[in-house]
Structure formats: structure tokens, C-alpha cells
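> My structure is below; once you've seen it, I'll send some questions.
Read the figures in this text as sums done on the coordinates, not as results from a lab. All values reported here derive from a predicted model rather than from experimental measurement. Please note: Cβ atoms are built from the backbone with ideal geometry, for glycine as well, and neighbour counts cover all protein chains shown.
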Amino acid sequence: MSEQDTDTAMTTQQFNIDTVDHAASTPEIDQPWAELGLKANEYARIREILGRRPTAAELAMYSVMWSEHCSYKSSKVHLRQFGEKVTDEMKKDLMVGIGENAGVTDLGDGWAVTFKIESHNHPSYVEPYQGAATGIGGIVRDIISMGARPVAVMDPLRFGDIDHPDTKRVLPGVVSGIGGYGNSLGLPNIGGEVVFDEVYQQNPLVNALAVGVLRHEDLRTANASGVGNKVVLFGARTGGDGIGGASVLASESFDDTKPSKRPAVQVGDPFAEKVLIECCLELFGKNLVEGIQDLGAAGISCATSELASNGEGGMHIELTNVLLRDPTLTPGEILMSESQERMMAVVTPENAEAFEAVMATWGVEYSWLGEVTGDGRLVIEWDGETIVDVDPRTVAHEGPVYERPYHRPSWQDTLQAARFAESAAAAELPGDAESLGQALVDLMTSPNMADVSWITDQYDRFVGGNTALSQPDDAGVIRVDEETGLGVALATDCNSRYAYLDPYAGAQLALAEAYRNVATSGAVPVAVSDCLNFGSPEDPEIMWQFAEAVRGLADACMELGIPVTGGNVSLYNQTAGRAIHPTPVVGVLGTFDDVSRRTPSGFQRWADGQAIYLLGTTREELDGSEFARLRGHLGGRPPKVNLTAEKTLGEILINASRDGMIDAAHDLSEGGLAAAISEMALRFGVGARIALDELCERDGLTPAAALFSESQARALVALPRSEELRFTDMTTARGFPALRLGVVDAESGGLEVTGPFDGESFGIGLDDLKQAWSQVIPSRFDAVQNATEAVRTEQ
Amino acid sequence: MPTIVVEVMPKPEILDPQGKAIANALPHLGFTGFSGVRQGKRFELTVEGEVTEAVLDDAKRAAAEMLSNPVIEDVVAVRVEED
């Protein structure tokens, strides 16, 4: 990346260039639109827009920009609800909403926060390490594009059955990739999810969330304004990465010696990205760029057409100015390449010299590609010959929009009628002390409830020194301002079994859980980002799941009063005709005036004798639960959504944190009360004694339902006895159920549960439970990981 | 004892961050004559006894399936070296 390299820039290759003039005079030429993924009607539309056939380069641009991934053509009509179902109150703190690289929310004191979640599912299946690594790289560049400094990442992950060979192949690579890239960038990974379910076999979901902070004045957006301003591409060179489909364009080349097979995967370089982050932040600090856009999917096609169409005019580019890693690339391939660690910016001519000085400081390669024009056209030349001449809006924003047909699946009613309560397994519910105790141990040692530290310990959670909470706490918490303690909390959640049983309610439950997690940590939820992972939109039953989930999520956001600020849709997650469960992963961002008042999730050793309260109402809701899953059952309806109760519960938890009433809090979700109390005890190895009698009586429950039901809007808190009165006064005033369930017991080293069952009580030693709980994941992956590591170190 | 040498390189069109880092470091240390670096890896498989066609085929299979990642790497050589 020295200046020398810049001087030895590529020499122009001689291609049989398909110019605009050539295209106009040869309308009959056969073009590989189908191989590039376009439909006949879409190709016809392109010809109609242009009034001629597209050139090879234009075809490349339209095909990638009109892909499902870039154009949201199947999802757009539904996603509109996120923009429509909002109130002025919800928009109050919103500085940038949906449509930009990431939404931006005001944090107060002149600070703002931006966050977004994206999928990198397919690349991570093909090449787990690089796929997951570049997933982090891509989402981090989205954050930089807003003018923000990235401060943390999170990864919601979903894999197939834990013992399936495919999971053994994919998981270690994905985890090392996330760690390898994120750790090298110096970004703490503060949470996420790990879910095992056979529906994700051959279709793992690797979602990545990044959060960044900025001062209000540093806010940047992706638009090219100001006629005469210069367009620059900087960062890594452009190579043949990730343009598998473009190889059909090779016919435009005379050269037979080029690599025959273009890979669909990209290799990332985290150290180049780190330099790019610092370089961009200096550009923002010195106010040297007018507009900026990262290069991700669809590379230069996306960056030029989006920058141009978001601005006021057009753009004129000379494509031979692009610095190449592989000089055999054709214009179409250069436009489609997904090489990592690149950015495009718009700079005024006066600032060009200062811009170059910043590039020199950081040793970043750059090349001036062209300038902003006023004619409303995106014109791209190759060695002076025009190969693209389009209205950028038709590429970036006015792509096809499909109202895909959808209908409720024929099997949905049967599925919902198959209640757990009426299943064979329900006839043998654990009812005495021994079987209830065993059921709790079985629950905690199931792959989905087990300790995930084998995974998260491969990520740096504390780098940067601003991590206030991270896995396994309910939310990840990051301090933004060291002086005041101002900070943010983040949680991502989705129970796809719920969404499978009822996509509308399932999406709302995902939001409710993420909201609850953020509030449990003590933060005020303010914004939502979603990553909607579904099967094929061309299947009307899958499309119904998607439509229902979006409708549910938009309705729930409206009710909770927090807006969706951005996100991502990943469709076609299916293999051999079998789709994944609908998986609308929801990330919620909360704010803290001072992160030092955060509420941790575990019982503290010094908190012996503190009172444990259960907040909320428990119903017999075992459909879709982890408890039912362990008994081979999936059917019925998910737990009832009660957003009013979620809001009240949130207020209680936030106020309790603000007033310093509680010392620990944990939300109830998968695995219900049994899982929550176990996790609180396992956190610091501090036990508890609880009694179920009053709960069973008040809510009319069997002991098994009391322990394992997954009713929503519930949380456990631990508080000093001196605070009990103040706390219960608060819950009573809000009319929210609070029940004293037991006490923290730091001496016993175990959990003791008494209740209305035969044998009256059971106890579980924490040491034994911890041993079993923490070995579930390592026992499967230690050997695999060691072998992979050994090969990697040999390099 | 004969040794089978397997050489693996990152695919030419794939970014090679290590090679790039070395290429950038060379001029700083006074090595100015090189315009690019690609870094691969070399395996030495020791064979007890004679290298038959079957053994060599095994080595080729191991090279393709285990020693390289076919998504991002190419096996560029599998050859026998007598000591």
C-alpha cells in the first residue's frame, strides 16, 4: 500500500468493449440475463428503461442491483410498514431512519448511536471462516459510512443439530472467523445467540450486528452532491472476489488466460479494515468528505448508483482508474466485484489535496474515479468509451417490486391444534421431587440451554475497556462517554419455534424478548434493527410467514413506541425444498444515562439472604417451549404476547436500576423459571432457595408448568431486604404482579426448590450442574477445533 | 525415506492478506525489487517404503480433501522427493 504501488497501477487491458453505441446498433445480440439471475420480464424492463439493449456492463449492474439481496423486490411491499406504523413520538430521537446504511438515534449530550444487523448466511455455509469474518467486516463498514466509530459487535448464530456432521464442519469455522476478524479489529463482541435446531442444517444463520457512536456533527450519509465534486475509491484493491455469477460475462473478453472460475467467496483482511476505520474517522474529523458509501454486496455498481441517485445530479466515472488486484478483470466484473475493505467517497476539489494527505498518513491506496455531474445520469467510461449510461435511480431504487402471492399454509391449523397439553409426552409430566429435579438438569444440559462460553471465549469481550456487561448477561452494555458514563445496551433475540407456530406472534415475541433483555439490564429501549431470515419468497406459504412476521413486528414496534431504524432481509434459506423456520431476529438498542447502574444477571456472593422476586404472571404455556422440544413435541400456539405488560415490566426494571433497588435481574424466556433461576445461580456460583407453593396456588399451575412454562413479560430480581418495601410499593402502584419466591443462599452451593409435589423439595448441587452444563458444547467441538487450529497455525 | 511434497497456494483471484503484508514490508527493509508476494504452504508427507501409484493417489486425495480448502486454495504440486 505504498505510493510505489499506486504508481505501478494496472495497465489497461484490451477487451472487446461493449459500448453504449455498440449496444444501440446491435439490438439482436443474445445476452446472458438468465445466467445472471434476471427474469425475462426484468430483462425486458431494462431494455424498456434504456430504449435499447443494455451493454454487458449495464447488464452486470442491473443484475446485481435487481437481485433479491440488493433490491428487496419481494419484501419491499411489506417492509413499508416499518416506515408507516410510526408516531411522531417514536421519531423524536431518530436522526436517520430506514434507507440509509444504518439508522441513527440521538443519545443526548451531543452523542448519537447507530446500529444495524445483517445476515451472512450463505457465504458462511460455503466457507465458514471467511464467510463469518467478512460478515463482521461488512456490517462494520455500514457503521463507518454513517460517520460513526464502531464500538462493538454481536453475533446471533443458528446451526443444525449439535451432533450433525454439517454442524461440526460449520460451527468451528464460523466462530473462529468471527473471533479472528472482530478481535483483530479491536471490537468487543458483547453478545448474541447460539441456537441448535435441525431446521438449520445446511442452512446455518450467521447474522452480525454492529454498533457505533458519533458526535452529531460527524453524521454522514451516502449521497453525491455538488456538481464538480470528485469521486474517489479507497481501501483495498478490487479483485475477483465474490463475482461467481459474473463469469458468464467472460465472453466480453479476448483473453483466455484469466482464472476460469471466479469464487463466490471473499477473503477479508481485518488489519486493512482497522486502518480504513481510523482513516475514515480522520476524514470525518477534518470534514473532508461530502458523502460516503461502503462497498459491500454489488460493489462499485451499488456504491456509484446509490451515491448518484441519493444526490442531486449524476456521476461520471472512468472505470480504468480503479486499482486492480487482478488485471484480467472485465468491466462487468469490476462493477460486480465484492472485494472487501473498500469505500467510496465524494470530495470537493478544494479538499482533494487534504484527502490525499490523510490517505498517505494511513498508507491507504486510493484512486480518483470521476466526478459528480448535473445531468442526472450515471455514465461510466472504459478508456474513454461509454459503457454505462443510465439513470442511477433505475438501478438503485426503481428496481422490480413484486407483490408475491401468499396464503396461510394448509398445515398451519393442524400444527396449531397439536397442543403440548394433549400430547403423549404431557401425560408423563414430572410430578415428584426427583423427576422435577431431573427435568431441570436435562433442560440445562440441552444444547440450547448449555453454557456457550466455549464459543464466546473465542471473542474478545472487553477490548477497548468500555464493556459494562456482555454474554451471559441479558444484554451487552457499552460505555460511550467515559466522563458521564453515558452508554448503550443491546440484545438480539428470536425463538423461531414460536415464529413457526405463529409468525405474527413469533416476531412480536422476538421483539418482546429483546426489549425485555435490554430493560432487564436497566437501559431504556429506544430503537430496533431486524434481520429477517426466511425461506423462498416464491413459495406462497413462506411468503405468508414473511408477511405475517413483518406485520407483527411493525404492529408491536408501534405499541412499544420504538421504531425500526434499519435491518436486512435474507430469503431463500432453504435446502432441497425444506425451508428453515421463519427466523425474524430482532435487535433492540437501549440507552443508559450512566452504565455504572447496570443490573447484572447473577446472584452476587455478598448478596446472601437477599430476597428473590418473580415479576409477572405465569400461565400454563408449554407449546413451543424448550421443555416440549426435549420431549419431541412442537405444536400448538406460542406464549401469549402482552406488550402492555412488557412495557410495565420494563419500567419497573429500569426504575429499580435507576433507584439502586435491585442487585440482580434476569428475564424469563426459553426454559422458563427453571432456566432463569439456574442461570442466575450459575453466573457466580451462588445458590438460592425458592418455594413454588404460592406461585402454583396464585396462578393455578402444576409444579412442572410453574418451572418450565415460557409465559412472557416475566423477570426474576434479587434485592436487599431493606429495599423490599420500596420495591413492592412500586410494583403494587403499577398493578404488576410481584411474588416473593425465595432467598439467595450463598452458603449452600446449590439450588433448593420446594413446592406442592411429592417429596416436597429437591436440591441440585451447583458444582455438578455447572460441570454438566459447561461441558455440553466443548465435548462436541474441542477435538474438531484443535484439528482446525493445528492446520491454521501451520500456515 | 521418500517424501511426498504437497504445495498449496491461495487461488490467484483470492485476496492473500499475508502475502500483501509481506509485499508491503519488503521495501521498508530495503528489498525494492519485488512487486508482489503470494504466500502458500508446503507439506512433507513421509512414506515408509516405496511410493507406489496408490500411495501417490492417496497423497493427491489428501491434498485435495484435507490439506487444502478447495473454496479458496489450489493444490499446485504433489511430487515425490527422494532423500
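> Arranged by the count of other C-beta atoms within 10 angstrom, fewest first, what order do A:Met90, A:Met343 take?
Going from sparsest to densest Cβ surroundings: A:Met90, A:Met343.
> For a protection proxy built on the mean count of beta-carbon atoms within 10 angstrom, sort A:754-764, A:632-642 highest first, please.
Averaged packing, sorted descending, gives the order A:632-642, A:754-764.
> In square nanometres and to one decimal, what's the mean projected area of the convex hull around the Cα atoms of region A:349-479?
Average of the hull's projected areas for region A:349-479 equals 19.7 nm².
> What residues have an amide H closer than 5 Å to that of A:Ser470, excluding those fewer than 5 places away on the same chain, when H is modeled at 1.01 Å from N in the peptide plane?
Excluding prolines and chain starts, which carry no amide H, the hits are A:Val477.
> What is the magnitude of the charge dipole of region B:1-61 about its Cα centre, with +1 placed on the Cβ of each Lys and Arg, -1 on the Cβ of each Asp and Glu, and no other charges, expressed in debye to the nearest 20?
Computed about the Cα centre, the dipole is about 480 debye.
> Another question, if that's okay. Counting other Cβ atoms within 10 Å, which chymotrypsin sites (Phe, Trp or Tyr not before Pro) in region A:341-437 have at most 12 and lie in a DSSP loop?
Passing both the DSSP loop test and the Cβ count: A:Trp411.
> Given H placed on each backbone N at 1.01 Å, which residues far from A:Ala715 in sequence or on other chains put an amide H within less than 5 Å of it?
Here A:Leu615, A:Leu668 satisfy the definition.
> Of the beta bridges DSSP finds with both residues in region B:3-81, what % are antiparallel, to the nearest 5?
100
> Could I get the Rg over Rh figure for region B:3-81? Both from C-alpha atoms, Rh via Kirkwood, rounded to two places.
When Rh is taken as the Kirkwood radius, the ratio is 1.11.
> If you don't mind, another one. Rounded, prolate or oblate, given the Cα gyration tensor of the protein assembly as shown, with a/c below 1.5 counting as rounded?
Note, shape of the protein assembly as shown comes out prolate.
> Let me confirm one metric for peptide A:265-272, namely the mean number of other chain beta-carbon atoms within 10 Å of its residues' beta-carbons.
Mean partner shielding for this stretch: 4.
> Another question about this same structure. Can you work out ³J(HN,Hα) from phi for every residue in region B:46-56, in order, using Karplus 6.51 cos²θ - 1.76 cosθ + 1.60 and θ = phi - 60°, giving whole Hz and x for Gly and Pro?
Each residue's phi maps through the Karplus curve to give 7, 10, 7, x, 7, 8, 8, 3, 5, 5, 5 Hz.
> Could you compute the FRET efficiency for B:Val5 and A:Ala357, with r as their C-beta to C-beta distance and R0 at 41 Å, rounded to 0.05?
With R0 = 41 Å, the Cβ-Cβ based efficiency is 0.25.
> Let me ask another. Compute the relative contact order of chain A as a whole-number percentage, counting only Cα pairs closer than 8 Å that sit 6 or more residues apart in sequence.
Contact order relative to length: 14 percent.
> Obtain the nm distance between the two label points defined at A:Asp593 and A:Glu752 by a simple spin-label model: each point lies 7 Å from its Cα along the Cα-to-C-beta direction.
Once both label points are built, they end up 4.2 nm from each other.
> ³J(HN,Hα) across region A:673-688 via Karplus (A = 6.51, B = -1.76, C = 1.60, θ = phi - 60°), whole Hz, x for Gly/Pro?
4, 4, 5, 5, 5, 5, 5, 5, 6, 5, 3, 10, x, 10, x, 7
> Full extension from B:Val76 to B:Ala54: what is 0.36 nm times the residue separation minus their Cα-Cα distance, to one decimal in nm?
6.0 nm
> Rounded to the nearest 10 degrees, what's the angle between the helix A:643-658 long axis and the longest principal axis of chain A, both from Cα atoms, 0 to 90?
Its long axis makes an angle of about 80 degrees.
> Next question, about the same structure. Taking each residue in A:120-133, count the Cβ atoms of any other chain within 10 Å of its Cβ, then average. What number comes out?
If you average over the peptide's residues, the count of other-chain Cβ atoms is 1.
> Which order do the peptides A:483-490, A:41-48, A:149-156 come out in when sorted by mean C-beta neighbours inside 10 angstrom, highest first?
Ranking, from highest mean packing down: A:149-156, A:483-490, A:41-48.
> Here is a further query. Given H placed 1.01 Å from N in the peptide plane, which residues other than close sequence neighbours of B:Asp74 have an amide H under 5 Å from its amide H?
B:Met9, B:Lys11
> Toward the positive end of the charge dipole of chain A, about the Cα centre and with charges on Cβ (Lys, Arg +1; Asp, Glu -1), which of A:Val213, A:Ala354, A:Ala715 goes farthest?
Sorting the options by dipole projection puts first A:Ala715.
> Excluding same-chain residues fewer than 8 positions from B:Lys20, which lysines have a Cα within less than 24 Å of its Cα?
A:Lys258, A:Lys261, A:Lys274, B:Lys11, B:Lys41
> In nanometres, what is the gap between the two model label sites at A:Phe462 and A:Arg408, each 7 Å from Cα along Cα-to-Cβ?
It works out to 5.3 nm between the two label points.
> In degrees from 0 to 90, rounded to the nearest 10, what is the angle of the helix A:299-310 Cα long axis to the longest principal axis of chain A?
90
> For chain A, find the longest principal axis of its Cα atoms and tell me its angle to the long axis of helix A:503-520, 0 to 90°, nearest 10.
So the helix axis and the longest Cα principal axis differ by about 70 degrees.
> Report the rotationally averaged projected area of region A:265-365 based on its alpha-carbon convex hull, in square nanometres.
Across all orientations, region A:265-365 yields a mean hull projection of 6.9 nm².
> In whole Hz, what ³J(HN,Hα) sequence does region A:774-782 give by Karplus (6.51, -1.76, 1.60; θ = phi - 60°), x for Gly and Pro?
With coefficients 6.51, -1.76 and 1.60, one gets 8, 9, 4, 7, x, 4, 8, 10, 4 Hz.
> Another question about this same structure. Beta carbons within 10 angstrom, averaged per residue: use that to sort the peptides A:718-729, A:689-700, highest first.
Going from most to least packed, we get A:689-700, A:718-729.
> Further, regarding this structure: For region A:614-709, what mean projected area does the convex hull of the alpha carbons give, in nm²?
So the mean shadow area of the Cα hull is 7.1 nm².
> Let me make sure I get this right: for region A:636-685, a, b and c are the square roots of the gyration tensor eigenvalues over alpha carbons, sorted descending. Under 1.5 in a/c it's rounded, otherwise prolate if a/b > b/c, else oblate. Which is it?
Oblate is the answer for region A:636-685, as a/c is 1.5 or above yet b/c matches or exceeds a/b.
> If you take each beta carbon of peptide A:236-243 and count the beta carbons of other chains within 10 angstrom, what is the mean?
Mean partner shielding for this stretch: 3.
> State, to one decimal in nm, how far the label point of A:Ala427 lies from the label point of A:Glu198, with both points 7 Å from Cα in the Cβ direction.
Here the modelled spin labels are 2.3 nm apart.
> If I take R0 = 56 Å and measure r between the Cβ atoms of A:Gln416 and A:Asp106 in this structure, what FRET efficiency does the formula 1/(1 + (r/R0)^6) give, to the nearest 0.05?
Between A:Gln416 and A:Asp106 the formula returns 0.85.
> Which FRET efficiency value, to the nearest 0.05, is calculated for A:Ala772 and B:Val37 with the Förster distance at 60 angstrom and r the Cβ-Cβ distance?
0.75
> How much net charge surrounds B:Pro10 when only other residues with a Cβ under 13 Å from its Cβ are counted (Lys, Arg +1; Asp, Glu -1)?
Surrounding charge for B:Pro10 is -4.
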